[in-house]
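Accompanying notes for the structure given below.
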Amino acid sequence: MIRLRKFEFHSPTSLQEAKKILSSNGQTKILAGGTDLVVGMKQETVQPKNILWLGKIHELQQITFSRKEGLKIGAMCTLSEIEHNTNIQKHFPSIIDAVKSIASPQIRNHATIGGNLCLNTRCFYYDQSDFWRNSLGNCLKYGNGICHAAPELSRCTAVFSSDLAPLLIALDANVELHSSQSTLKIPLSRLYNDDGKNHVSLFQSEILSSVSIPFNEKIKSAHGKIRARNSTDFAIANVGVELTFSSKNICEKANIVIGAISSSPIIVDTIAQKLIGENVSEKKIEEVANEISTHVHPMPNVDGAVNYRKKMVGLLVKRTLSTLVTNL
Amino acid sequence: MNSENIKMSSRFVTLTINGEKKEIAIEPQWTLAEVLREQLHLTGTKIGCDTGDCGACTVLVDGKPILSCITLAITCDGSSIQTIEGVAENGNLHPLQKSFLEHGALQCGFCTSGMVLSAMSNKQSAVSNQQIREELSGNLCRCTGYKKIVEAVKDYSNQQLAVSAPQNDLRTTNHESQSEIKVDGVPKVTGSAQFTDDIFLPRMLFGKILRSPYAHAHILSIDTTKAEQLPGVIAIITGKELPIKYGVLPSSQDETALCIDKVRFIGDGVAAVAAIDEFTAQEALKLIDVRYEILPAILTVEDALKNTFPKIHNDSKYENNVAKNVELEFGKVEEGFAEADYIREDEFFYDSNTHAMLEPHSAVATYEPSATSNNFKDGNLTLWSSTQTPHYVHRTLAKVLEMPASHIRVIKLHLGGGFGGKSEPFALEFCAAFLSIKTGRPVKITYTREEVFYSHRGRHATKMWLKTGVKNDGTITAIQYKALLDGGAYGSYGIITTYYSGQLLTLPYKIPHYKFDSTRVYTNKPPCGPKRGHGAVQPRFAFEVQLDKIAEELGMDSAELRLKNFVEPNSTTINSLRVTSCGIKECIEKVLKASDWKNKKGKLPRGRGIGIATSAYISGAGKEINWLGLPHSGAIVKIDRGGGVTVFCGSSDIGQGSNTVLASLAAKTLGVNISDVKVYEADTDLTPVDLGSYSSRVTFMAGNAVLSAAKELRKKIFEVVAEKFETTSENLLAKNGNYFVANDPSKNISFIEAVRLAEQKFGTLSAVGSYTPPKLGGTYKGAGAGPSPSYSFTAHVVELEVDEETGQVKIHKVWSAHDCGKALNKTLVEGQIEGSVYMGIGEALYEKMSYTKNMKDTFGGLLKSSSLLDYKTPTSLDTPDIETFIVETNDPEGPLGAKEAGEGPLLAVIPAIANAIYDAVGIRMHNVPFLPENILKAMEEKKRSFKTEKVFAEAL
């Protein structure tokens, strides 16, 4: 068995207490379900001195829904709790689709939504053992060397890997961030940077406590994912779409967000706008899908060849939009 | 409430384990798997990947399946945990465990704990097969092909629903086919089966091997000073201490326990550490300072053939980096082509893939010094190892350690899958043994999943050129075949692979003229060796695809073309392979009918297709690899006064069920119930030599050895029973624990009474049996590779759908018919067929060993797919329904007519898929695996009307 290095373990029972621990201990990693972090610790890509586990904070484990306030999911809710929540099943079926497409049943029983939104970026050249990385020469993401996937670039190109984030961004989700100084609510889209090494803009002292999604009956949303195997695998491409239609089926609002390509979700605003004001036709969908496919530039760093992933983005956009439009 | 701020490392947690509340001192960095296995000794929880990719470590936390290898135990404080050990209650198996046993839903048993726990959740409403597959999709299985697991869970769920239905007691036979339940089934479903890594001995040290980060380099120096100073490090060894070369084949002794002056692939062992715990051993490796002089890495077969690169093995007798070349001609191939009306040539490429058995290699050694001498060679060494071949490990340990073999004992416990990946000695066995000798303490080394990948010995990447001539009526007139095999860094079984690549192409079709040229080269990558279907899988793919093309060109149905050319029973091939029983025609007829071939081939809607392929495979090799003329298998059968029968045989049950087969043969012969037979296997002190579980030999060879010993005992018992009833032995029958006169069953005595009489007359009852194949094969050089006492035959039809936009292939169904001679246990045979089909699907569509390439200023050779996340073995959701047909021929030399089933059914899966893809979307896949991106590429190329015929591998 691979043995983990020692660390100090903290398990606060309130957010207040958690914030205090966080601000007084350096090199602290927040532990939620651990399905990503513990693997990183085994591979020695992450070696925290302190672990702050949020599992004993009850306020982070609530799911609430009202038509007015929308949906609020505590960061420590597991993916399978979300999968089995009747309100989400009823009002946000696309979230259920996205959740079900994640990893394996056992991982969904332990992994949390907070952890999924803060999932580390992935790369062939990074998600490896210490031996492996040293054999190749370490990389930008680990802290030195070059980006093996794109040596010509001076930044890390590791891939954004949350399957939920693109959809939730498309659904205009907000996240609540707590630090000892403040409590902030920001759009989920603003949480991410296109930098594989530092793609989540949380300060060391900040905790993501919940995600909230507005409810609007008019909204149609869908999630699409392509992966190599029908379980366990990360996405070759994924997409989250939200469309709003008028009573005459004219598209009034369009959000399309692409994951698994860059280091942050790609919000294809300008291209998506082309759907607005239209009674969306298959031809239009094809046009938008092709344009998005041209617009994305994957690096050779995860499952699937670069051109294949590019193509699959277009295809997923096409399929996801088509399903939405057909079901109007 | 204040949080507990952990300054001390250890703290107490309360866990309710299988209903029992326990307070346990743990350290925060311990995973739940560590605590369960090492603190609580609940070793039914298995570690297959250690990074959350395989599901073997699944346990229930508060009723939900989770992965204990990536869960910190400290976060389970206050939780209720159920492990496999807690599933059976009050000494009774849980209905789900019974269902697993009855359906034959387990083979090696390594995934079983996790599977059972994932499927445990209460089934309140009817569940579909698809729902079960989803529920189990986080539990990888490499043996079963999932079919029987799904059936077992389905049956259990139906039982749950039928509340009033009477509870069945566990039958000793499977209900569908009256097959005996695996003799090692109960310990496997209850978690008590001990695998090598489950051994914990007092004072045991943990060993780790330092591996080369370079693909090709000279070792200039190794400085272990710093590592030795790390507290907890007890011993360190380097290659110089074990300099004797070995290799599983006498003619390729090119490995050492650890590298001495040169490393040959990334992952080659350089030094080994024994420490008081595994973390210390891990840390010590980082403190060993090795200086290397880097050499150019040879990563392609093309580079291996050039003389501008250094030799990987300086003492190799071939030019450049050629490891072996075989050129043979049978008949006159040019004359054969001259007779042909139609000739075609094609090129193919089959990429490397690996066994990925779920249990990582593990070895535990313990050493006892001599009473009279200080020379370690006079002491006694015991090695438990997860090996398919204890005898070869035994022999090689004696050679390398220069110890008398009589002072070494090698034992194999339950083994979590092999598929050829554990069929020769590995570095950990020598290192554990020598570290134990040096320290006088037990030493355990278990590979990480990454190290399993570096140890490899899987499928050779092979470039192939194939030319076939046929007459207008489809009769094959000649074949010429050239193969270039990428062998990786060492010999392994590679010489045999090189032969098999050519030699086994002469079945199952009549080939009047045949010539082949097969070359294996060394490259700086993990060594390739035998994987299920050894050597024959790649050429079978090429040939079956080419046949399909020929059928199309001739305007013939591809099944008809095959039928036209099949070999006959009791015939001999052009390269002197002797065919005895042969049911290939029945096989193809079964699958054609079941699949409705006639109405589907060429007639399915676009995107959907159907394909066919057939094959043959050996039932053990006719020649023992050491050519010593010794038996290939030996057995002792002993009868106890209490009526118990014990079989001792050196064979290795690796999950396929060979112990069940041996027990069954003894039981049938002696007329007792299988529950009265115990099998002791794979222990070099206790059991006569059997060469091991490889080349599909165990049922045939060990089976014959057991059969002959049991028959001798029966003869003695018959003799005394005949005397008692004043008749002759020929008139007697033995059945269900009774010996009786066939035409007067009232004259009968129990087995126990009969045994007493026999013991009175003959003394203690035991007998030995052994099996040596008859002289087989031709007299030409190389005639030793290919002959087998019998061949199995298989036909598959595959129906699938190609998503023309994603390039993804969804297999709807596979129909498989296999001639295994007489099926001694139908459930086990089906399991072998289903598992082979599953593994073939993995090779065809998902699995690939891919390496970093040489770049401008750095050398490559680093395995990119070194985890079960990156190396993609199919999950339950990627594996289709498989319908199996057992075609029973009665093999004249097989035990009770049986022959192999474990490997043959894999071969034709890959070409059947390729042929179905062609039927679906009109593209010929020449390169394995058929990854979605390659399928899309081929479709685009076809659209642009490029000739796809010459698509060739970019690089090996």
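Which residue, of A:N301, A:N279, A:N290, A:N307, is under 18 Å from B:L931 (Cβ atoms) and either away from chain B (no Cβ under 11 Å) or touching a Ser or Thr at 6+ places or on another chain (Cβ under 9 Å) (or both)?
A:N301
Here's the yes/no breakdown for (1) closer than 30 Å to A:D130 by Cβ; (2) surrounded by 19 or more Cβ atoms within 10 Å (Cβ to Cβ); (3) at pLDDT below 95:
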site: A:N25; (1), (2), (3): yes, no, yes
site: A:K42; (1), (2), (3): yes, yes, no
site: A:W53; (1), (2), (3): yes, yes, no
site: A:K56; (1), (2), (3): no, yes, no
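Read through the list (1) surrounded by fewer than 24 Cβ atoms within 10 Å (Cβ to Cβ); (2) not in a strand (DSSP E or B), then give the number of the only condition that B:K638 fails.
For B:K638, the failing item is (2).
Give, as residue ranges, the strands (runs of 3 or more DSSP E) completely inside region A:188-300 that count at least 2 residues that are in contact with a His (Cβ under 8 Å, 6 or more places away or on another chain).
On the way: elements: A:207-213, A:219-226, A:237-245, A:251-259.
Strands (runs of 3 or more DSSP E) meeting the threshold: A:207-213, A:237-245.
Give me the residue from region A:101-114 that is of a type in the set (G, A, S) and within 12 Å of chain B (Cβ to nearest Cβ) and, out of that set, surrounded by the fewest Cβ atoms within 10 Å (Cβ to Cβ). Give the steps one after another, and end with the answer.
So in region A:101-114, the residues of a type in the set (G, A, S) come out as A:101, A:103-104, A:111, A:114.
Next, from what is left, pick out any that are within 12 Å of chain B (Cβ to nearest Cβ): A:101, A:103-104, A:111.
Working: A:S101: 20, A:A103: 26, A:S104: 27, A:A111: 26.
The residue in question is A:S101.
Being within 14 Å of another protein chain (Cβ to nearest Cβ) and in a helix (DSSP H, G or I) is the filter; apply it to region A:129-178 and report the residue that is surrounded by the fewest Cβ atoms within 10 Å (Cβ to Cβ). Outline the logic, then answer.
In the first step, residues of region A:129-178 are kept if they are within 14 Å of another protein chain (Cβ to nearest Cβ); the result is A:129-139, A:145-152, A:159, A:161.
Cutting the leftovers down to in a helix (DSSP H, G or I) gives us A:130-136.
On the way: A:D130: 18, A:F131: 22, A:W132: 23, A:R133: 23, A:N134: 14, A:S135: 21, A:L136: 19.
The extreme case among them is A:N134.
Considering only region B:284-299, state which residues are more than 9 Å from every other protein chain (Cβ to nearest Cβ) and either buried (at least 20 other Cβ atoms within 10 Å of the Cβ) or in contact with a strand residue (DSSP E or B) (Cβ under 7 Å, 6 or more places away or on another chain) (or both). Talk me through it step by step, then tell me what you get.
Quick first cut of region B:284-299, residues more than 9 Å from every other protein chain (Cβ to nearest Cβ) only: B:284, B:287-299.
Scanning region B:284-299 gives B:A284, B:I288, B:D289, B:V290, B:R291, B:Y292, B:E293, B:I294, B:L295, B:A297, B:I298, B:L299.
Under 7 Å by Cβ, and 6 or more places apart or on different chains, what pairs join a residue from region B:807-835 that is within 14 Å of chain A (Cβ to nearest Cβ) and within 15 Å of B:Y146 (Cα to Cα) with one that is of a type in the set (V, I, T) and in a strand (DSSP E or B)?
Once the first residue is within 14 Å of chain A (Cβ to nearest Cβ) and within 15 Å of B:Y146 (Cα to Cα) and sits in region B:807-835, its partners that are of a type in the set (V, I, T) and in a strand (DSSP E or B) give B:I811/B:V798.
List, please: which pairs have Cβ atoms under 8 Å, are six or more places apart or on different chains, and start with a residue in region A:139-162 that is closer than 15 Å to A:N198 by Cα and end with one that is among the acidic types (D, E) and part of a loop (DSSP other than H, G, I, E, B)?
Every condition considered, the pairs that remain are A:R155/A:D195; A:C156/A:D195.
Restricting to region B:717-739, what's the tally of residues that are among the β-branched types (V, I, T), more than 13 Å from B:I749 (Cα to Cα) and out of contact with any strand residue (DSSP E or B) (no Cβ under 7 Å at 6 or more places or on another chain)?
The initial filter retains those residues of region B:717-739 that are among the β-branched types (V, I, T), namely B:717, B:720-721, B:727-728.
Of the ones still in play, those that are also more than 13 Å from B:I749 (Cα to Cα) are B:727-728.
Imposing the further condition that a residue be out of contact with any strand residue (DSSP E or B) (no Cβ under 7 Å at 6 or more places or on another chain) reduces the set to B:728.
Residues in region B:717-739 being among the β-branched types (V, I, T), more than 13 Å from B:I749 (Cα to Cα) and out of contact with any strand residue (DSSP E or B) (no Cβ under 7 Å at 6 or more places or on another chain): 1 in total.
All but one of (1) within 20 Å of B:F419 (Cβ to Cβ); (2) surrounded by fewer than 23 Cβ atoms within 10 Å (Cβ to Cβ) hold for B:E805; state the number of the condition that does not hold.
Single failed check for B:E805: (1).
Return the residues of region B:602-621 that are crowded, with 22+ Cβ neighbours inside 10 Å and in a loop (DSSP other than H, G, I, E, B); say none if nothing qualifies. Write out each step before concluding.
Of all residues in region B:602-621, those crowded, with 22+ Cβ neighbours inside 10 Å come to B:609-621.
Residues satisfying the conditions are B:S619, B:G620, B:A621.
Among B:L101, B:L42, B:L96, B:L67, which is modelled with pLDDT of 95 or more, buried (at least 20 other Cβ atoms within 10 Å of the Cβ) and facing chain A (nearest Cβ under 8 Å)?
Details: B:L101 fails: facing chain A (nearest Cβ under 8 Å); B:L42 fails: facing chain A (nearest Cβ under 8 Å); B:L96 fails: facing chain A (nearest Cβ under 8 Å).
The unique qualifying residue is B:L67.
What do you reckon, is A:H297 touching a helix residue (DSSP H, G or I) at 6+ places or on another chain (Cβ under 8 Å), surrounded by fewer than 16 Cβ atoms within 10 Å (Cβ to Cβ), within 30 Å of A:G196 (Cβ to Cβ) and touching a residue at least 24 places away in the same chain (Cβ under 8 Å)? So that I can check it myself, show each step before the final result.
Numbers: touching a helix residue (DSSP H, G or I) at 6+ places or on another chain (Cβ under 8 Å): yes; surrounded by fewer than 16 Cβ atoms within 10 Å (Cβ to Cβ): yes; within 30 Å of A:G196 (Cβ to Cβ): yes; touching a residue at least 24 places away in the same chain (Cβ under 8 Å): yes.
It is true that A:H297 is touching a helix residue (DSSP H, G or I) at 6+ places or on another chain (Cβ under 8 Å), surrounded by fewer than 16 Cβ atoms within 10 Å (Cβ to Cβ), within 30 Å of A:G196 (Cβ to Cβ) and touching a residue at least 24 places away in the same chain (Cβ under 8 Å).
For region B:564-599, what are the residues that are surrounded by 16 or more Cβ atoms within 10 Å (Cβ to Cβ), more than 22 Å from B:E903 (Cα to Cα) and either free of Cβ contacts under 8 Å to residues at least 40 places away in the same chain or of a type in the set (D, E, K, R) (or both)?
Hit for region B:564-599 is B:K564, nothing else.
Yes or no: region A:11-20 includes at least one residue that is more than 7 Å from chain B (Cβ to nearest Cβ), free of Cβ contacts under 8 Å to residues at least 60 places away in the same chain, assigned to a loop (DSSP other than H, G, I, E, B) and not hydroxyl-bearing (S, T, Y).
Looking for residues that are more than 7 Å from chain B (Cβ to nearest Cβ), free of Cβ contacts under 8 Å to residues at least 60 places away in the same chain, assigned to a loop (DSSP other than H, G, I, E, B) and not hydroxyl-bearing (S, T, Y), one finds none in region A:11-20, hence no.
Can you name every residue in region B:291-347 that is out of contact with any Ser or Thr (no Cβ under 9 Å at 6 or more places or on another chain) and of a type in the set (D, E, K, R)?
B:E293, B:E302, B:K306, B:K311, B:D315, B:K317, B:E319, B:E329, B:K332, B:E334, B:E347, listed by residue number.
Can you name the strands (runs of 3 or more DSSP E) wholly within region B:203-257 that have at least 3 residues being away from chain A (no Cβ under 14 Å), within 30 Å of B:N854 (Cβ to Cβ) and in contact (Cβ under 8 Å) with a residue 40 or more places away in the chain?
Numbers: elements: B:205-211, B:217-223, B:233-238.
Where strands (runs of 3 or more DSSP E) fall fully within region B:203-257 and carry at least 3 residues being away from chain A (no Cβ under 14 Å), within 30 Å of B:N854 (Cβ to Cβ) and in contact (Cβ under 8 Å) with a residue 40 or more places away in the chain, they are B:217-223.
Residues of region B:72-110 being in contact with a Ser or Thr (Cβ under 6 Å, 6 or more places away or on another chain) and among the polar types (S, T, N, Q), which ones?
B:S80, B:T83, B:Q107
Is it the case, given these coordinates, that A:A98 is touching a Pro at 6+ places or on another chain (Cβ under 9 Å) and within 30 Å of B:L136 (Cβ to Cβ)? Break it down stepwise before answering.
Working: touching a Pro at 6+ places or on another chain (Cβ under 9 Å): yes; within 30 Å of B:L136 (Cβ to Cβ): yes.
Yes; evaluated as a whole, the condition is true for this residue.
Regarding region B:756-769, can at least one residue be identified that is touching a residue at least 40 places away in the same chain (Cβ under 8 Å), of a type in the set (A, V, I, L, M) and assigned to a loop (DSSP other than H, G, I, E, B)?
Yes, region B:756-769 contains at least one residue that is touching a residue at least 40 places away in the same chain (Cβ under 8 Å), of a type in the set (A, V, I, L, M) and assigned to a loop (DSSP other than H, G, I, E, B).
Specify the residue that is modelled with the highest pLDDT; the eligible residues are those in region B:104-132 that are surrounded by fewer than 24 Cβ atoms within 10 Å (Cβ to Cβ), assigned to a loop (DSSP other than H, G, I, E, B) and out of contact with any Leu (no Cβ under 8 Å at 6 or more places or on another chain).
B:S128
Tell me whether region B:426-443 contains one or more residues that are buried (at least 24 other Cβ atoms within 10 Å of the Cβ), under 16 Å from B:A272 (Cα atoms) and not hydrophobic (A, V, I, L, M, F, W, C).
Our first condition is that a residue be buried (at least 24 other Cβ atoms within 10 Å of the Cβ); within region B:426-443, this holds for B:426-436, B:443.
Narrowing the set further to residues that are under 16 Å from B:A272 (Cα atoms) leaves B:426-436, B:443.
Subsequent filtering for residues that are not hydrophobic (A, V, I, L, M, F, W, C) retains B:429, B:436.
Among the residues of region B:426-443, at least one is buried (at least 24 other Cβ atoms within 10 Å of the Cβ), under 16 Å from B:A272 (Cα atoms) and not hydrophobic (A, V, I, L, M, F, W, C), which makes the answer yes.
Being more than 9 Å from every other protein chain (Cβ to nearest Cβ) and closer than 12 Å to B:T354 by Cβ is the filter here, so list the residues in region B:836-864 that pass it.
B:M839, B:G842, B:E843, B:E847, B:K848, B:M849, B:S850
Suppose the filter is without any contact (Cβ under 8 Å) to a residue 60 or more places away in the chain and either facing chain A (nearest Cβ under 8 Å) or in a loop (DSSP other than H, G, I, E, B) (or both); does B:I74 pass it?
On the way: without any contact (Cβ under 8 Å) to a residue 60 or more places away in the chain: no; either facing chain A (nearest Cβ under 8 Å) or in a loop (DSSP other than H, G, I, E, B) (or both): yes.
No: the conditions fail for B:I74.
Can you tell me which residues in region A:70-100 are over 24 Å from B:M120 (Cβ atoms) and either within 14 Å of chain B (Cβ to nearest Cβ) or outside any helix (DSSP H, G or I) (or both)?
Passing the criteria: A:G70, A:L71, A:K72, A:I73, A:G74, A:A75, A:M76, A:F92, A:D97.
The values are calculated or read from the model by the stated rules, or taken from the named source; none is laboratory data. Predicted model, so just to flag it, every value in this text is computed and none were measured. Cβ: placed from backbone, ideal geometry, glycine included. Neighbour counts: every protein chain shown.
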